[in-house]
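Here's the structure we're looking at; comments come further down.
The values are calculated or read from the model by the stated rules, or taken from the named source; none is laboratory data. All of these numbers come straight from a predicted model, not from anything done at the bench. Here Cβ is always computed from backbone atoms with ideal geometry, including for glycine, and neighbour counts include all displayed protein chains. Protein only, heavy atoms only, side chains kept; ligands, DNA and RNA dropped before computing areas. Shrake-Rupley method; radii C 1.70, N 1.55, O 1.52, S 1.80 Å.
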Amino acid sequence: MPTVWKRASCVHHCTERSMQHHSRISGLAYEARKAPGGAYQHNIFHQSEHLYCMLSMAIMRNENPDVILWPYQSMPWTRALASLVLPNTTWEETCCGPANVAAKWWLGQRRVCSCWQKICLQRRPAFWPGRRGSIAHARLRKIVRERCGLHLLGGGAEHHRGAVVRVLERPSRDGRQIENREEFLRVVRGAVSGAHVEFAVTAVSERALPTWQDANRTRAGTLEDGRISSAPFLCEQVRWFAGASIIVLTHGAQTTNAIFADPGATVIDVTPYGHQPSPSAPAEYYGALLQNTDINYITQQASAHPRTPLSTKAAQTLQKADVAQSSERCRTQWACTVAFRDHCCMRLSQQDLADLRLKLEVSLRSRRLHFKNVSL
């Protein structure tokens, strides 16, 4: 007797198709193994833990799964990237109820992709493990950039007859603004003299912008086969990372797109006061993301105590003594790290600015040497 799914109530939006009778129950499914916690519902980096695993697996196995079983509310970025690389694969959100998360209606073959953090039930040890992982990353970047029309740029910054440096900041509503921004920008421009410098504010907040959600949300009857076309915003983001010699950005989930940067490019991640990797993370998020790729990742902490007062929400989580403590001491207390990471601005000390300048100069020299060797 066929299984008939009744509509269940969900905290998050779910695809109604996943709770109705399924006619396609055989073939090959890629399954994201659900992790505890809410971050996987609204953060593109955490969704990428599963998705990059799936895409690299499809590339290395040279196969196209019939369906992706996704146990969360999918973000537009996630759906768009999957659609770009696997255009013929159906997407099924299975976010409601234990039986539906398990997708028991699927009777075909499954390949499981778990996540990377310590809380994951079957933890993935690395984003791009071993030589095969490195090859998978390079192939994924090539596929995405070509399908976004970026192969016409020649894969580098030669179209500007010199190096391109891009600075990516967060929207003001998202926090982590640099208080001494003018000093910061002077250092960047001075350190990369002669390079083409571009500035942008990220369109990728840690939570999807409402316009993206409204445009790409899946509802029964709206998208009959569960597929969506790759949204233009994804290629715009990939294009921003492509062709840059150095990318300087403030710490955040927008770094998830850094895997599409040029071979040999350098990503400089400006991290907040008191920053430390999450206790649930085996290592620094974006360092792990770019490990075993041909893209360099370095950090620059903003170690000066911000002058902007903490938000009310942050102040409620800290005692007065915590607010005044040093960056080194703040790193020993997770509540302090979260308060300054999520609810405050950043300030670079004079030593931070000097360190940043040196990192920029060294990275630029290395990149120019690369261009010179390529042209010989």
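Candidates are the residues of segment 319-334 that are open to solvent by 60 Å² or more (accessible area, probe 1.4 Å), more than 17 Å from SER278 (Cβ to Cβ) and assigned to a helix (DSSP H, G or I); the one that is modelled with the lowest pLDDT is ALA321.
If the condition is being within 23 Å of ILE135 (Cβ to Cβ), of a type outside the set (Lys, Arg) and open to solvent by 20 Å² or more (accessible area, probe 1.4 Å), then segment 54-71 contributes MET57, ILE59, MET60, ASN62, GLU63, ASN64.
Answer with yes or no whether GLN237 is part of a loop (DSSP other than H, G, I, E, B) and either modelled with pLDDT under 90 or within 14 Å of the chain's Cα centre (by Cα) (or both). Spelling it out, it is not the case that GLN237 is part of a loop (DSSP other than H, G, I, E, B) and either modelled with pLDDT under 90 or within 14 Å of the chain's Cα centre (by Cα) (or both). When GLU224 is tested against (1) surrounded by fewer than 24 Cβ atoms within 10 Å (Cβ to Cβ); (2) modelled with pLDDT under 95; (3) within 22 Å of GLU49 (Cα to Cα), exactly one condition is not met: (3).
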